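Student: Please see the structure below; I have some questions.
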Amino acid sequence: QVQLVESGGGLVQPGGSLRLSCADTGGTFSFNSMGWYRQAPGKERELVASITSGGNRDYADSVKGRFTISRDNPKNTVYLQMNSLKPEDTAVYYCYAFHLVAYWGQGTQVTVSA
């Protein structure tokens, strides 16, 4: 059974860094695509970054050059390295993994504030 477990969120000052991790503890599938969405208060959920099993990456324009997505295929784990964080990056970050259907993590709060 797929169970995506996220970690790494928290409070950071502007300009700081955080690294999010998301692991499928069920270890069931080799996912075609894994990645991260985020949702800020009063806003729609938006795609932040995605990565395919072959390593193709895609980023939202707002995070290009600051965020880096990577994955460890044998461990079914995806990472999001976030640098030069801005207050507008504040949101709940959700991990997803896709294999026929999309699976979601529980979300982790990222707050960027002085």
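The values are calculated or read from the model by the stated rules, or taken from the named source; none is laboratory data. Note that this is a predicted model, so its numbers are computed, not measured. Glycine gets a Cβ as well: all are built from the backbone with ideal geometry, and neighbour counts include every protein chain shown. For accessibility, only protein heavy atoms count, side chains too; no ligands or nucleic acids. Shrake-Rupley method; radii C 1.70, N 1.55, O 1.52, S 1.80 Å.
Student: Pairs needed: first member in the stretch 52-70, within 13 Å of Q81 (Cα to Cα) and open to solvent by less than 50 Å² (accessible area, probe 1.4 Å); second member anywhere, assigned to a loop (DSSP other than H, G, I, E, B) and of a type outside the set (F, W, Y); C-beta distance under 7 Å; at least 6 residues apart or different chains.
Tutor: Cβ pairs passing all conditions: R66/N83; R66/S84.
Student: Right, next: Residues that are of a type in the set (G, A, S): find the strands (runs of 3 or more DSSP E) completely inside the stretch 35-114 holding 2 or more of those.
Tutor: Details: elements: 46-52, 57-59, 67-72, 77-82, 91-99, 101-104, 108-112.
It comes to 46-52, 91-99.
Student: Of everything in the stretch 18-43, what is touching a Leu at 6+ places or on another chain (Cβ under 7 Å), open to solvent by less than 30 Å² (accessible area, probe 1.4 Å) and aromatic (F, W, Y)? Give them in sequence order.
Tutor: Within the stretch 18-43, W36 is the sole residue that qualifies.
Student: Out of the stretch 6-17, which residues are open to solvent by less than 30 Å² (accessible area, probe 1.4 Å) and outside any loop (DSSP other than H, G, I, E, B)?
Tutor: E6, G10, V12
Student: List pairs: first residue in the stretch 99-114 and of a type in the set (F, W, Y), second residue in a strand (DSSP E or B) anywhere in the structure, Cβ distance under 6 angstrom, at least six positions apart or on different chains.
Tutor: Listed pairs, sorted by first residue: Y103/L4; Y103/A97; W104/Y94; W104/Y96.
Student: Still on this structure, I have one more. Please specify each residue of the stretch 87-111 satisfying the condition of being closer than 14 Å to P41 by Cβ and either open to solvent by less than 40 Å² (accessible area, probe 1.4 Å) or of a type in the set (A, V, I, L, M) (or both). Give the steps one after another, and end with the answer.
Tutor: Taking the stretch 87-111 first, the residues closer than 14 Å to P41 by Cβ are 87-93, 107, 109-111.
Within the stretch 87-111, D89, T90, A91, V92, Y93, G107, V110 meet the criteria.
Student: Does the stretch 23-34 hold any residues that are assigned to a loop (DSSP other than H, G, I, E, B) and not polar (S, T, N, Q), and which are they?
Tutor: Kept after step one, since they are assigned to a loop (DSSP other than H, G, I, E, B), are these residues of the stretch 23-34: 25-32.
G26, G27, F29, F31, listed by residue number.
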